[in-house]
């Protein structure tokens, strides 16, 4: 496999600090301070959807540049039901994207931040004239030694592992070349699936996010690492 190498995200550090990050986010989603709640919601949405934050100075006409992310999601894009929220929007290259969120804490926070608002960005506070940016999320995560890209990368890797686990069902042939060919094909298929989910090109997914040991273990003998 001739993918570019790696790694620019610290998925291992995220894994070690995930419990603490989740505790902070869960508490801050209930905060009475709108700014704190919005930043926590941004972190939660990245983890839940593997989507980027996005450029806050981008306009809809430039959506094809790949800068669209959760900061660009608008109230009109989201439908919140009792137990879930669905978000439909244009992502990279103006491709229609769809995210379904079932985490109860995130759904409730979404309801809270858009309550009484007919339009505008989801991650925006009209009262404070505050809109979440990448720098805000990175400052929020600084105490854990990670950033927004690390969070996205960790959960993208987790999606890859889950997909590989579902893919690896059949018994592998003993012949080495046949085995390697099957594993290579399966791995490429999974990368294609996850590329669609996270809104990245396959090259970017591999060069910026994919944890090398996942690929090595799978291509060797079909082993799916624990995460």
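When the stretch 214-223 is examined, which residues are found to be more than 12 Å from residue 179 (Cα to Cα) and touching a residue at least 60 places away in the same chain (Cβ under 8 Å)? Write out each step before concluding.
Restricting attention to the stretch 214-223, the residues satisfying the condition of being more than 12 Å from residue 179 (Cα to Cα) are 214-217, 223.
Selection gives 215 alone.
Condition check ((1) buried (at least 20 other Cβ atoms within 10 Å of the Cβ); (2) within 26 Å of residue 35 (Cα to Cα)) across all residues:
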residue: 72; (1), (2): yes, yes
residue: 81; (1), (2): no, yes
residue: 84; (1), (2): no, yes
residue: 91; (1), (2): yes, yes
residue: 96; (1), (2): no, no
residue: 123; (1), (2): yes, yes
residue: 138; (1), (2): no, yes
residue: 145; (1), (2): no, yes
residue: 179; (1), (2): no, no
Subset tally (residues that are touching a helix residue (DSSP H, G or I) at 6+ places or on another chain (Cβ under 6 Å) and in contact (Cβ under 8 Å) with a residue 40 or more places away in the chain) for the stretch 135-152: 10
Positions within the stretch 98-107 being out of contact with any strand residue (DSSP E or B) (no Cβ under 9 Å at 6 or more places or on another chain) and loosely packed, with under 15 Cβ neighbours inside 10 Å, in sequence order: 104
Pairs, first under 15 Å from residue 164 (Cα atoms) in the stretch 201-213, second surrounded by 20 or more Cβ atoms within 10 Å (Cβ to Cβ), C-beta under 6 Å, six or more apart: 211/11; 211/157
Index of the failed condition, residue 189 passing every other in (1) without any contact (Cβ under 8 Å) to a residue 40 or more places away in the chain; (2) assigned by TED's automatic domain parsing to the domain that holds residue 98; (3) over 26 Å from residue 20 (Cβ atoms): (2)
Residue that is modelled with the highest pLDDT, among those in the stretch 37-61 that are more than 24 Å from residue 143 (Cβ to Cβ) and not in a loop (DSSP other than H, G, I, E, B): 60
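The values are calculated or read from the model by the stated rules, or taken from the named source; none is laboratory data. Just so it is clear, the structure is predicted and the values come from calculations on it, not from any experiment. Neighbour counts are summed over all protein chains in view; Cβ atoms, including those assigned to glycine, are modelled from backbone coordinates with ideal geometry.
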